[in-house]
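The values are calculated or read from the model by the stated rules, or taken from the named source; none is laboratory data. If you're wondering where the values come from, they're calculated on a predicted model, not measured in any experiment. We place every Cβ from the backbone using ideal geometry, glycine too, and count neighbours over all the protein chains shown. For accessibility, only protein heavy atoms count, side chains too; no ligands or nucleic acids. Shrake-Rupley method; radii C 1.70, N 1.55, O 1.52, S 1.80 Å.
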Amino acid sequence: MTAPTRTAPVLAPRSSAELIQAEGPVLAHNYHPLPVVVARAEGVWVEDVEGHRYLDMLAGYSALNFGHRHPALIEAAHRQLDQLTLTSRAFHNDRLAGFAEGLAELTGLDMVLPMNTGAEAVESGIKVARKWAYDVKGVPADRATIVVAGGNFHGRTTTIVGFSDDDDARVGFGPFAPGFRTVPYNDLAALEAALDETTAAVLIEPIQGEAGVLIPDDGYLTGVRELTRRNGCLFIADEIQSGLGRTGKTLAVEHESVVPDVLLLGKALGGGIVPVSAVVARREVLGVIGPGQHGSTFGGNPLAAAVGSAVIELLATGEFQRRATELGAQLRTGLAALTGKGVTGFRARGLWAGVDIDPALGTGREISERLMKEGILVKDTHGSTIRLAPPLTITAEELDTALNSLARVLI
Ligand SMILES: *Cc1c(COP(=O)(O)O)cnc(C)c1O
């Protein structure tokens with residue numbers, strides 16, 4: 001029997017349309033991307049295969065807070081590529097101590113558990129909270145509960161999607177891990193009622209990004225802090241999307257001067273270059289994990305630590321937080337001017353907005369496609385809501401360009 005003949009790989013450069021078509025049979029269909037094939041990028045601008053330029057108003061869901069290929073981050077990565085890229089945690093590496101010190105200093109917390117993706121940071125936070133509940137709070141074995149909020153997005157692992165209320169994310173992937181209770185977001189009375197002697201932690205996003213940039217009422221985060229303290233359970237803040245400058249502060253919890261027990265970071269921590277995430281916590285909490293109880297082959301690798309350290313240095317200047325605040329005011333003014341002219345409402349903090357479009361004008365997807373034709377890349381969330389989250393390096397003129405395009409598309 002002869003081996004099946006296979007067509008030789010196509011070596012000639014392929015057009016955007018050819019590349020999109022080629023993906024169909026070979027790439028899992030777990031995304032429905034806009035029909036743009038990006039080949040190069042710098043700062044806030046990306047360029048497709050044919051050389052068309054687009055303003056990136058999504059910034060990799062905030063993984064690109066510093067823009068594409070920020071010079072300081074690229075330089076740190078290049079330097080590290082020439083020295084050492086991976087050791088595993090079987091050995092120490094010379095970049096990890098500085099990364100952990102920098103992250104502790106930046107967040108005001110004590111200890112760091114380095115991981116790679118956001119979902120891994122969430123999973124790790126759940127493990128740490130359960131271990132803490134058994135070792136410190138004295139919850140009977142296997143009885144620990146974690147309280148989460150409706151409308152949450154914490155990632156895609158089987159444990160995490162099990163406590164999602166988004167049917168697309170959850171249905172068909174059970175059975176799910178027990179031990180989670182869901183309460184409505186932004187509802188302190190419901191949260192209080194859900195806390196008991198089995199509660200290990202409350203896990204929430206200080207602002208719900210995927211849900212459409214839902215900002216809780218002033219006082220909600222303070223209330224979560226007070227209720228968790230009174231109950232004797234942990235407050236875990238998932239700042240994977242809201243953190244690292246996006247809202248005008250290093251952390252979104254700073255808007256209420258709240259310090260959680262456990263902080264989950266990811267996305268922008270990798271500078272848009274490598275996946276880097278972390279659980280950052282008080283020493284009494286993260287200290288419960290001992291050798292062999294948790295790990296990751298790639299977590300804390302020297303390349304990730306070098307890029308993460310360079311990200312921390314950028315944030316330590318305060319420049320990006322300041323830009324997010326100042327340009328965020330411009331974004332809100334622009335969106336307010338469009339309200340009633342195709343925009344039915346919006347929620348914004350810093351350089352981050354969920355914009356509800358009049359459904360009569362099209363779905364969020366259709367609006368995104370029309371904006372793409374104007375040279376602006378955005379992503380819809382649910383229904384007729386689009387999310388704006390440009391790199392924090394965007395200029396006032398570029399932001400105006402995006403707002404003017406939105407106005408044109410809505411006419
Ligand atoms: C993106 C995101 C995650 C998951 O991060 P991945 O790197 O995609 O696994 C978790 N929580 C929040 C709030 C996020 O925005």
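Being touching a residue at least 24 places away in the same chain (Cβ under 8 Å), open to solvent by less than 30 Å² (accessible area, probe 1.4 Å) and not assigned by TED's automatic domain parsing to the domain that holds Glu42 is true for just one of Val148, Val161. Which residue is that?
Residue meeting the stated conditions: Val148.
Name, by its number, the condition in (1) in a loop (DSSP other than H, G, I, E, B); (2) open to solvent by 90 Å² or more (accessible area, probe 1.4 Å) that does not hold for Pro33.
Pro33 satisfies every listed condition except (2).
Quick check: is even one residue across region 316-336 closer than 25 Å to Ala100 by Cβ and under 18 Å from the mean Cα position of the chain (by Cα)?
Yes, some residue in region 316-336 is closer than 25 Å to Ala100 by Cβ and under 18 Å from the mean Cα position of the chain (by Cα).
Quick test of your reading of the structure: Gly98 fulfils all but one of (1) touching a Ser or Thr at 6+ places or on another chain (Cβ under 9 Å); (2) within 16 Å of the ligand (Cβ to nearest atom); (3) not aliphatic (A, V, I, L, M). Name the failing condition by number.
So the condition that Gly98 fails would be (2).
Restricting attention to region 209-226, and to residues there that are within 16 Å of the ligand (Cβ to nearest atom) and open to solvent by 20 Å² or more (accessible area, probe 1.4 Å), which single residue is nearest to the chain's Cα centre (by Cα)?
So, considering only residues that are within 16 Å of the ligand (Cβ to nearest atom) and open to solvent by 20 Å² or more (accessible area, probe 1.4 Å), the one nearest to the chain's Cα centre (by Cα) is Glu210.
Checking Thr199 against (1) open to solvent by 10 Å² or more (accessible area, probe 1.4 Å); (2) more than 16 Å from the ligand (Cβ to nearest atom), only one condition comes out false. Which one?
Every condition holds for Thr199 apart from (1).
For Gly155, all conditions in the list (1) in contact with a strand residue (DSSP E or B) (Cβ under 6 Å, 6 or more places away or on another chain); (2) crowded, with 20+ Cβ neighbours inside 10 Å; (3) at positive phi hold save one; what is the number of the exception?
Gly155 satisfies all of (1) in contact with a strand residue (DSSP E or B) (Cβ under 6 Å, 6 or more places away or on another chain); (2) crowded, with 20+ Cβ neighbours inside 10 Å; (3) at positive phi except (1).
Could you go through region 113-133 and let me know if any residue there is out of contact with any Lys or Arg (no Cβ under 6 Å at 6 or more places or on another chain) and at positive phi.
Checked against the condition, which is being out of contact with any Lys or Arg (no Cβ under 6 Å at 6 or more places or on another chain) and at positive phi, region 113-133 yields no hits at all.
Of all residues in region 254-285, which are touching a helix residue (DSSP H, G or I) at 6+ places or on another chain (Cβ under 8 Å), part of a helix (DSSP H, G or I) and away from the ligand (no atom under 13 Å from the Cβ)?
If the condition is that a residue be touching a helix residue (DSSP H, G or I) at 6+ places or on another chain (Cβ under 8 Å), part of a helix (DSSP H, G or I) and away from the ligand (no atom under 13 Å from the Cβ), then His255, Glu256, Glu284, Val285 are the ones that fit.
Would you confirm whether or not region 90-102 contains a residue that is within 30 Å of Leu403 (Cβ to Cβ), touching a residue at least 24 places away in the same chain (Cβ under 8 Å) and surrounded by fewer than 16 Cβ atoms within 10 Å (Cβ to Cβ)?
Scanning region 90-102 turns up no residue that is within 30 Å of Leu403 (Cβ to Cβ), touching a residue at least 24 places away in the same chain (Cβ under 8 Å) and surrounded by fewer than 16 Cβ atoms within 10 Å (Cβ to Cβ).
Say we look at region 370-382 and pick out the residues that are within 24 Å of Asp166 (Cα to Cα) and open to solvent by 60 Å² or more (accessible area, probe 1.4 Å); which of these is nearest to the chain's Cα centre (by Cα)?
Here the residue is Lys379.
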